[in-house]
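In what follows, a single structure is set out as structure tokens and then discussed.
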Amino acid sequence: MTGLRDAEVSLLETAPCGFAVFADDGIVRYANATLLEMLGLARDAVVGHHVEKLMSVGSRIFYQTHLFPLLRMQHRAEEIFIALRSANGQEVGALLNATRRERGGEWLTECVVIRVRERQKFEDALLPAKKQAEEARAEAESRRADLQQANEILEQQAVELEVSQQQLSEQAAELETQQESLQALNDQLMQRSADLEKQREIADEANRAKSAFLASMSHELRTPLNAIGGYVQLLAMGIHGPVTPAQAETLEKVTRSQRHLLRLINEVLNLARIEAGRVNYDIERAVVRDIVNAVTPMVEPQLAEKQLTLSADVPASLAVMTDRDKAEQILLNLLGNALKITRSGGRVTVRASPDVAPDRTRIEVIDTGIGIPPNRLQEIFEPFVQVDVSAAGAARGTGLGLAISRDLARGMGGDLSATSVLDEGSTFVLTLPSA
Ligand code: ADP
């Protein structure tokens with residue numbers, strides 16, 4: 001049944017290694033006492049049972065896939081490590097040598113089993129070490145992946161840095177170009193302003209020369225014109241014989257023209273003097289009401305002639321720093337214009353008040369005349385500019401009064417300006433430093 005002779009069995013029973021015999025169907029035919037003791041099993045729990053029953057789960061699979069096919073093909077296996085299972089469920093590591101041979105017409109496998117305590121110990125230690133190594137390897141792998149990723153990011157950043165550095169240097173070059181062109185522009189501007197300054201000096205010089213010329217010319221003209229006036233008066237008085245009515249009328253026209261020319265020449269002379277800077281200003285404190293009161297009697301004939309009303313609204317407390325004669329001259333000119341322009345029965349007002357600008361007093365001459373077209377409001381302060389005033393029945397003037405008045409006002413630290421509503425009237429505003 002075991003394939004062994006009795007003598008063999010008694011010899012094997014207590015041999016110093018485990019011994020077992022099983023058939024090709026896996027059923028154990030014999031197990032010696034050493035093996036039974038090694039596993040702590042009774043004989044009848046082993047003999048008659050399948051050999052796999054003695055093995056751990058892992059070794060069972062190994063037996064089915066490797067050991068048994070090896071025995072079938074080569075009839076022997078040597079030093080195979082196998083984990084057996086003891087009665088108390090513990091694994092018992094053992095080395096196995098096996099031979100498969102035919103005995104009494106049956107194929108039997110005889111196995112020698114040697115317990116290997118040390119190997120088990122090593123394997124036990126090996127497993128955690130292997131696990132640790134595995135973990136370390138995984139850790140190293142993940143570190144390597146992290147490093148690679150970090151490296152890729154760094155490389156990407158290096159590329160971006162290079163690009164932005166390139167952009168920066170392009171921008172720097174562009175800035176430099178712009179700076180150069182700005183510098184060139186600046187140089188041009190400097191040159192331009194130097195040229196302009198030179199031209200302004202030339203123009204100033206020419207203006208001074210013109211004014212000097214006008215002043216002397218006007219003087220040269222005044223003398224013969226006065227003479228003409230005198231001789232005409234003598235003729236008109238009949239000094240050189242009786243004068244017919246027609247002659248008297250002609251002499252009257254000559255006188256009017258002579259006076260107009262004389263006035264024109266006087267004003268040209270005035271303007272030329274102012275522009276040549278040859279006018280002295282005698283600035284002192286003056287009460288505004290006194291200035292107004294000094295001028296109004298001078299225009300009374302015109303007021304009466306055109307039946308105009310002149311009203312003054314001038315607080316007694318207002319005083320200015322001015323050359324009084326020149327202030328009166330300006331006011332007389334403004335009042336003269338206003339009366340000339342205002343139709344019969346109209347009203348002219350002189351009003352004084354502190355100006356919105358600090359330390360300035362304003363003196364306004366307000367009329368209810370024909371007004372001034374908005375586009376001509378600035379021009380009328382230019383010399384010889386006249387707007388057609390025939391609508392108001394006014395006589396032609398010289399076109400110099402406002403130019404002279406503004407120059408005088410500015411010469412005294414003040415100004416002259418105008419506002420107007422066409423067909424309703426105009427307001428001329430003289431501002432002077434308050435006292
Ligand atoms: P003139 O009165 O001798 O012509 P001005 O310089 O005093 O010279 O005035 C210039 C022009 O301004 C006048 O011809 C007139 O057209 C206009 N002007 C001046 N004052 C008034 C006013 N109050 N209303 C309307 N127009 C005026």
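The values are calculated or read from the model by the stated rules, or taken from the named source; none is laboratory data. Everything quoted here is computed from the prediction, not taken from an experiment. Backbone-built Cβ (ideal geometry, glycine too); neighbour counts: all protein chains shown. Areas reflect the complete protein model, heavy atoms only, side chains present, ligands, DNA and RNA absent. Shrake-Rupley method; radii C 1.70, N 1.55, O 1.52, S 1.80 Å.
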- Query: If you go through the range 318-331 one residue at a time, do you hit one that is out of contact with any strand residue (DSSP E or B) (no Cβ under 8 Å at 6 or more places or on another chain) and within 13 Å of the ligand (Cβ to nearest atom)?
  - Reply: yes
- Which condition does Ala125 not pass, out of (1) without any contact (Cβ under 8 Å) to a residue 24 or more places away in the chain; (2) open to solvent by 40 Å² or more (accessible area, probe 1.4 Å); (3) closer than 17 Å to Gly18 by Cα, if it passes all the others? (3)
- Which members of the range 340-385 meet the condition of being within 11 Å of the ligand (Cβ to nearest atom) and among the charged types (D, E, K, R)? Lys340, Asp367, Arg376, Glu379, Glu382
- Task: Taking Ala246 as the residue in question, decide whether it is open to solvent by 50 Å² or more (accessible area, probe 1.4 Å) and either over 27 Å from Asp407 (Cβ atoms) or not hydroxyl-bearing (Ser, Thr, Tyr) (or both).
- Result: yes
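Conditions tested, residue by residue: (1) in contact (Cβ under 8 Å) with a residue 40 or more places away in the chain; (2) touching a Gly at 6+ places or on another chain (Cβ under 6 Å); (3) closer than 30 Å to Val320 by Cβ.
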position	(1), (2), (3)
Ala227	no, no, no
Tyr231	no, no, no
Thr244	no, no, no
Leu251	no, no, no
Arg256	no, no, no
Ile265	yes, no, no
Leu269	yes, no, yes
Arg273	yes, no, yes
- Item | Residue tally, condition in contact with a helix residue (DSSP H, G or I) (Cβ under 9 Å, 6 or more places away or on another chain) and open to solvent by 50 Å² or more (accessible area, probe 1.4 Å), over the range 1-26 | 2
- Task: Check the range 222-234 and report whether any residue there is under 15 Å from Leu262 (Cβ atoms), open to solvent by less than 100 Å² (accessible area, probe 1.4 Å) and basic (Lys, Arg).
- Result: yes
- Query: Filter the range 386-400 for residues that are open to solvent by 30 Å² or more (accessible area, probe 1.4 Å) and either among the hydrophobic types (A, V, I, L, M, F, W, C) or modelled with pLDDT of 95 or more (or both); which is nearest to the ligand (Cβ to nearest atom)?
  - Reply: Val387
- Task: Determine if the range 282-290 includes at least one residue that is open to solvent by 50 Å² or more (accessible area, probe 1.4 Å) and within 16 Å of the ligand (Cβ to nearest atom).
- Result: no
- Which condition breaks for Leu430 when tested against (1) touching a Pro at 6+ places or on another chain (Cβ under 9 Å); (2) not in a helix (DSSP H, G or I)? (1)
- Query: When you scan the range 167-196, how many residues do you find that are open to solvent by less than 80 Å² (accessible area, probe 1.4 Å) and more than 29 Å from the chain's Cα centre (by Cα)?
  - Reply: 3
- Task: Return only the number of the condition from (1) under 59 Å from the mean Cα position of the chain (by Cα); (2) among the charged types (D, E, K, R); (3) open to solvent by 50 Å² or more (accessible area, probe 1.4 Å) that Arg263 does not satisfy.
- Result: (1)
- Task: Please work out which one of (1) in contact with a Ser or Thr (Cβ under 7 Å, 6 or more places away or on another chain); (2) at pLDDT below 95; (3) closer than 23 Å to Asn270 by Cα is the condition Pro383 fails and give its number.
- Result: (1)
- Task: Within the range 337-367, count every residue that is open to solvent by 10 Å² or more (accessible area, probe 1.4 Å) and assigned to a helix (DSSP H, G or I).
- Result: 3
- Query: Do any residues in the range 40-58 that are within 18 Å of Ile80 (Cα to Cα) have Cβ atoms under 7 Å from those of residues that are open to solvent by 50 Å² or more (accessible area, probe 1.4 Å), where the two are at least six apart or on different chains, and which pairs are they?
  - Reply: Glu52/Arg60; Leu54/Arg85; Met55/Arg85; Ser56/Arg85; Ser56/Glu91
- Task: Report yes if Gly58 is of a type in the set (Gly, Ala, Ser), exposed (fewer than 12 other Cβ atoms within 10 Å of the Cβ) and farther than 14 Å from Val112 by Cα, otherwise no.
- Result: yes
- List every residue pair whose Cβ atoms sit under 6 Å apart, with the two residues 6 or more apart in sequence or on different chains, where the first one lies in the range 405-427 and is on the phi > 0 side of the Ramachandran plot and the second, anywhere, is buried (at least 19 other Cβ atoms within 10 Å of the Cβ) and hydroxyl-bearing (Ser, Thr, Tyr). Gly425/Thr368
- Task: Scan the range 301-312 and give yes if some residue there is touching a helix residue (DSSP H, G or I) at 6+ places or on another chain (Cβ under 9 Å), within 29 Å of His219 (Cα to Cα), open to solvent by less than 40 Å² (accessible area, probe 1.4 Å) and among the aliphatic types (A, V, I, L, M), otherwise no.
- Result: no
- Exactly one of Ala418, Ala403, Ala409 is part of a helix (DSSP H, G or I), open to solvent by less than 30 Å² (accessible area, probe 1.4 Å) and within 8 Å of the ligand (Cβ to nearest atom), and that one is Ala403
